[in-house]
Structures are given as C-alpha cells and as structure tokens.
Amino acid sequence: MVLANAYHLYLRPGDMMVRALGGLHAFTRWNGPMLTDSGGFQVFSLARLRTVGEEGIEFRSHIDGSLHQYTPESVMRIERNIGADVIMQLDELIQGQSDVAAARSAMERSLRWLRRCAVEFDRISEEGREPIPPLATPVGAPALMYDIVAPAQALLPIVQGGTHADLRRASIAGILDSGDWIGVAIGGLSVGETKADTYAMLEVCDPEIPRTVPRYLMGVGFPDDLIEGVRRGMDLFDCVAPTRMGRDGTAFTPDGKLQIRQSSHRTDLRPLVEGCGCPCCAQYDRAYLRHLFASDEMLGKRLLALHNVTFLIDLMRDARVALQKGTFDAWSSQWLARYRAG
Ligand SMILES: [Zn+2]
C-alpha cells in the first residue's frame, strides 16, 4: 500500500486538481492500494500559527503562509477528492508525554471528530462528490476523467489517549461504539515517548480490538519496531524511515543498520545484503554505492531507498510465513537478536 499525504496534496496541486486529473491512482500510475492520512500530523508538525478548536484546526500553509481551515467535514471532502482506497479521520494530536488531562481532552475530541467524519463520509457516498470546475486542456491532450459517484473508499478511525492505558481503552470503546470499521489505526505513538511506553500501550490496545479487524500502527517504523509491533498484534505500519534513511546513506540489513559512506566499504565488492532481490543488491556492490554517496549522485539515494523498502516488505513476508507456520515467537526472537547484535 502506498501512503500519500492529504495535507501536501491539498496545498499542491490541490485535491480538486488531483481528482480532475483522474484521482490519485491514475495521477501517480500506481494500481495497487493507496491510503491518505488526514493531514492532521503535517498540520501539527509543519504548518504555522495553528489554532485548534472544537470546530477544527486553522493554520497557515508552510509554503506561502496562506490561511486554511481543516474540519472533520472538509478533510473528508479532501480525502474523497484525492481518491485513495483507505482514508483516515481527522484527529487531534498532542505531545508524546502529555499529562492525563490534555490526553483525555484530545482523545475525546478525536472521538467527536470521528463521528462528524463518518456522517460526512456517508453523505458523500449517497450524494456523490461536489462538481469539479472544468479544466482547460491543450488541443490533442487525452480527455480528463470526471466521475459522478464517489469511489469505493474505507474510513479508518484512530485510537488516541497518549501513554495512559485507561484513555486508550476508552478511545477503543468509543470507536467500536460509533461504527462498523474495517480497520482500526493506533495513533499518537512514536512521538517522543519511550519505547517501553509504546510497547505498553500496544499491549493495552491488542486485546481491546476484535481479532478480525486489522490494526494499523501509524508512524512506525524501523525493522525492529515492525517486529515488536507484530509481536503485539499489529498488522499495518507506515514510516518515512526506509526512504529517508536510504537518502541519508543508511541501509537496513539483517545485522542492523549499515552506513554506506564509511571508508570500510571503499573496496567492498559485496552487495548491501547477500541474497536480497532488490534492484540495488541485484546489480551493484558496496564500493560503487559508497562512490555514489561520496560524489553526491542521486542514483545512490534512490538505490538505497529501493533496498530499504524491499527489505521491509521481505521482512513482513517472512513474518507472515512464520505466523502461518506457528513459529513466529522463535523466529522473531532470533531475528531481533541478530539485528540488535549487528
Ligand atoms: Zn537490497
């Protein structure tokens, strides 16, 4: 599944423009599943001068300072225009170690916003999306696709509650009470709290969510974080780590992280990871990759990003096989021991 950011697409080129150009799948030529986050995380991390109230969030664009308002309803319209398969509710984010009062207030508001998202989501399903203003296209260009009915999409709720077990349980109870969801996301983790706190919260959430519902742990992570998440009942993950680390010259390997810029790789003719089938490892050796980084060539950044994404996909495939064979506990302990020893 490919994740796109509603905040970025809303500001540039605009959600209506993405839809006018055929929707996210046609626009990006990706026929696999796609997800958009609500943009809430980017508003909290990138936008300037944001004001949060019961109605929604007012903020200034990080690009040109223009003023915008996100409400649960407007975010649903934006995400339905963009057209990903899975779309996320707008929620209120807080710092990782917020006190119980702040965490409770944001969790309860996120539940109220979820209900407003669901009402608007259903309205769009019934009434279709708002009309798109006609776009001027050059003579001879392919016709733009204008659709009338909203595409099939699933709305996912997000569990909040900071690092407070009671709030996490209350959040899940409120979510299960307010709809029949095809998946449940867990948000507000991996935002500055300790790993022990993250794991403790996953252990609180795991038994509260029905076994039949996929659990999506947002913003996580690194290879060992994925394995620790799967051990605690998580199914889906997303993170910038594989591509961001790759651009920075860091490759994931079964023996931990490898920094390709190190001089020890200068005459190393081995691939990053023996047996890896990614476009990087199938063709290039460490000496050449190190040279690309030393020369600041774009190709090196792309190859390491491709390797890291492939590494995580392969890792999850191996985890699924181990789960199906009933050997996951032993397999994952062994995997983590080797990764952490590296
Ligand atoms: Zn590779």
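The values are calculated or read from the model by the stated rules, or taken from the named source; none is laboratory data. Remember, predicted model here, so these are calculated numbers, not experimental data. Glycine also receives a Cβ, built like all others from the backbone with ideal geometry; neighbour counts cover every protein chain displayed.
Just wondering, is there one or more residues in the stretch 118-138 that are touching a residue at least 60 places away in the same chain (Cβ under 8 Å), of a type outside the set (A, V, I, L, M, F, W, C) and assigned to a helix (DSSP H, G or I)? Checked the stretch 118-138: no residue is touching a residue at least 60 places away in the same chain (Cβ under 8 Å), of a type outside the set (A, V, I, L, M, F, W, C) and assigned to a helix (DSSP H, G or I). Within the stretch 260-269, being surrounded by 13 or more Cβ atoms within 10 Å (Cβ to Cβ) and either charged (D, E, K, R) or within 13 Å of the ligand (Cβ to nearest atom) (or both) holds for Ile260, Arg261, Asp268. In this structure, does Thr163 turn out to be among the β-branched types (Val, Ile, Thr), more than 17 Å from Met76 (Cα to Cα) and out of contact with any Ser or Thr (no Cβ under 9 Å at 6 or more places or on another chain)? Against the criterion (among the β-branched types (Val, Ile, Thr), more than 17 Å from Met76 (Cα to Cα) and out of contact with any Ser or Thr (no Cβ under 9 Å at 6 or more places or on another chain)), Thr163 does not qualify.
Only residues that are modelled with pLDDT under 90, under 24 Å from Leu236 (Cα atoms) and surrounded by 14 or more Cβ atoms within 10 Å (Cβ to Cβ) were counted in the stretch 27-61, giving 6.
Of all residues in the stretch 270-287, those satisfying the criterion of being free of Cβ contacts under 8 Å to residues at least 24 places away in the same chain and within 15 Å of the ligand (Cβ to nearest atom) are Arg270, Pro271, Glu274, Gly275, Ala282, Gln283, Tyr284, Asp285.
Being at pLDDT 85 or above and within 25 Å of the chain's Cα centre (by Cα) is true for just one of Ser105, Ser98. Which residue is that? Ser105 is the lone residue from the list that is at pLDDT 85 or above and within 25 Å of the chain's Cα centre (by Cα).
For Ser66, are the conditions met, namely being modelled with pLDDT under 95 and farther than 29 Å from Glu193 by Cα? Yes. Among the residues making up the stretch 247-291, those that are within 22 Å of Phe222 (Cβ to Cβ) and in contact with a Pro (Cβ under 8 Å, 6 or more places away or on another chain) are Phe252, Val273, Cys280, Cys281, Arg286. In the set (1) within 24 Å of Arg211 (Cβ to Cβ); (2) among the charged types (D, E, K, R); (3) under 21 Å from the mean Cα position of the chain (by Cα), Arg169 fails one condition alone, (3). Candidates in the stretch 232-254 are the residues that are part of a loop (DSSP other than H, G, I, E, B) and among the hydrophobic types (A, V, I, L, M, F, W, C); of these, the one that is surrounded by the fewest Cβ atoms within 10 Å (Cβ to Cβ) is Val240. Looking across Lys257, Lys301, Lys325, one residue alone is surrounded by 16 or more Cβ atoms within 10 Å (Cβ to Cβ) and more than 13 Å from the ligand (Cβ to nearest atom). It is Lys301.
Conditions tested, residue by residue: (1) part of a loop (DSSP other than H, G, I, E, B); (2) within 29 Å of Leu299 (Cα to Cα); (3) within 16 Å of the ligand (Cβ to nearest atom).
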{"position": "Ala185", "(1), (2), (3)": "no, no, no"}
{"position": "Thr212", "(1), (2), (3)": "yes, no, no"}
{"position": "Gly221", "(1), (2), (3)": "yes, yes, no"}
{"position": "Val230", "(1), (2), (3)": "no, no, no"}
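Every condition in (1) over 23 Å from Ile132 (Cα atoms); (2) surrounded by fewer than 18 Cβ atoms within 10 Å (Cβ to Cβ); (3) among the hydrophobic types (A, V, I, L, M, F, W, C) holds for Leu67 except the one numbered (1).
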